[in-house]
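Contents: one structure, followed by commentary.
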Amino acid sequence: MIFNLNGQFVDPEQAKLACNDSAALFGDSLFETLKAQDGHIQFLDQHLDRLELAARLLHFPCDRPTLRSALLETAGRLCDPIIRLRLTLSRGPMTGLGLPPAESGHFFINAAPYQAPNAAERQQGIACVFAPNRRVNPLSHLPQLKRGNYADCLYAADYARRKGAREALFKTDDGQVLEGATSNLFILKNGILLTPPAGELVLAGIIRRQVLLAAQGLELPSKERSISVDDLWAADEAFLTNSLFDLLPIAKIEGRTQNHGPLTAHLTAAVAQSAAAKYDTDRKNS
Ligand SMILES: Cc1ncc(COP(=O)(O)O)c(C=O)c1O
């Protein structure tokens, strides 16, 4: 793994934050997880747009051009085919509860090779369980921003691993299925692509947006509406999305087999195409 701390590449021993850093004291940080493939960072500006919005909402220092070039430089340092980049913004050292001045903010980037899902996982799909914990109440702005205090997702993801599953799905008390601990959820039902609305309890995922755009391109009707557990069980297809694995079909939930179909593969190809088109535009504009 390599570390870029405020634009400087540092050895792992130097990749440290102060004990009174807002990220350490309160989990008060913002982050983005991005994928670089063959030297290109996928949907880079969409990630920076989301980060910039969160930073504005929560008064975090956010110097976009500096972050953009630091991400590109960091991705360029590793020659692995696929790289996971985690960008984190912190406010810096805090003494009381008063937010420190913008200039004391930090950013750091951790970058390491990423093992993408193999062909079997992409074809057969993955196993999921329902998360035992709930996402917090909608009045809290936590779910729709990628914040460092990620405890509810961490707990759910760990629970899934202990159960031998790849992902845990968050449910509400009234049986709505929201999203995965690290991913968004889609189902196909009667020829319509459905995904829960982003905002209250669901992160506005970058790949989620790309799937909705790809569906338009394929003239596949789609709707952002709540999905019940029964909708999920009865779905013709179900898949998850995130910036690292793009799309992955769901094969089993709580040990029960899910229906399978060709659409997830079609949408995976369409999203890969739009990512490639974006690279070409970026390259022409740079
Ligand atoms: C809770 C949650 N939902 C959804 C996603 C997918 O978002 P994206 O497509 O932007 O990676 C993530 C990504 O890590 C996540 O943590």
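The values are calculated or read from the model by the stated rules, or taken from the named source; none is laboratory data. Quick caveat: nothing in here was measured; it's all calculated off a predicted structure. Reconstructed Cβ throughout: ideal geometry from the backbone, glycine too, with neighbour counts over all protein chains shown. Protein only, heavy atoms only, side chains kept; ligands, DNA and RNA dropped before computing areas. Shrake-Rupley method; radii C 1.70, N 1.55, O 1.52, S 1.80 Å.
Quick notes on this structure:
- Considering region 47-90, and only residues there that are open to solvent by 10 Å² or more (accessible area, probe 1.4 Å) and among the polar types (S, T, N, Q), the residue that is farthest from Ala18 (Cα to Cα) turns out to be Ser69.
Rundown of residues vs (1) closer than 22 Å to Ala165 by Cα; (2) in a helix (DSSP H, G or I), yes/no style:
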{"site": "Leu194", "(1), (2)": "no, no"}
{"site": "Ala198", "(1), (2)": "no, no"}
{"site": "Val211", "(1), (2)": "no, yes"}
{"site": "Ile250", "(1), (2)": "yes, no"}
{"site": "His260", "(1), (2)": "yes, no"}
{"site": "Thr268", "(1), (2)": "yes, yes"}
{"site": "Val271", "(1), (2)": "no, yes"}
{"site": "Ser274", "(1), (2)": "no, yes"}
{"site": "Asp280", "(1), (2)": "no, yes"}
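- Selected residue [within 16 Å of the chain's Cα centre (by Cα), closer than 26 Å to Arg68 by Cβ and assigned by TED's automatic domain parsing to the domain that holds Leu72] from Ile109, Ile207: Ile109
- Flag if Gln42 is polar (S, T, N, Q) and open to solvent by 50 Å² or more (accessible area, probe 1.4 Å): no
- Qualifying residues in region 180-215 (those that are of a type in the set (Lys, Arg) and open to solvent by 20 Å² or more (accessible area, probe 1.4 Å)) - the one farthest from the ligand (Cβ to nearest atom): Lys189
- Within region 24-50, tally of residues that are farther than 15 Å from Gly148 by Cα and either of a type in the set (Gly, Ala, Ser) or part of a helix (DSSP H, G or I) (or both): 8
- Looking across region 216-242 at every residue that is closer than 21 Å to Gln42 by Cα and surrounded by 23 or more Cβ atoms within 10 Å (Cβ to Cβ), the one that is farthest from the ligand (Cβ to nearest atom) is identified as Phe239.
- Restricting attention to region 247-286, the residues being touching a residue at least 40 places away in the same chain (Cβ under 8 Å), closer than 18 Å to Ala120 by Cβ and open to solvent by 20 Å² or more (accessible area, probe 1.4 Å) number 6.
- Yes/no for Leu72 being closer than 26 Å to Ala272 by Cβ and in contact (Cβ under 8 Å) with a residue 24 or more places away in the chain: yes
- Leu30 passes every criterion in (1) touching a helix residue (DSSP H, G or I) at 6+ places or on another chain (Cβ under 9 Å); (2) open to solvent by 40 Å² or more (accessible area, probe 1.4 Å); (3) within 14 Å of the ligand (Cβ to nearest atom) apart from (2).
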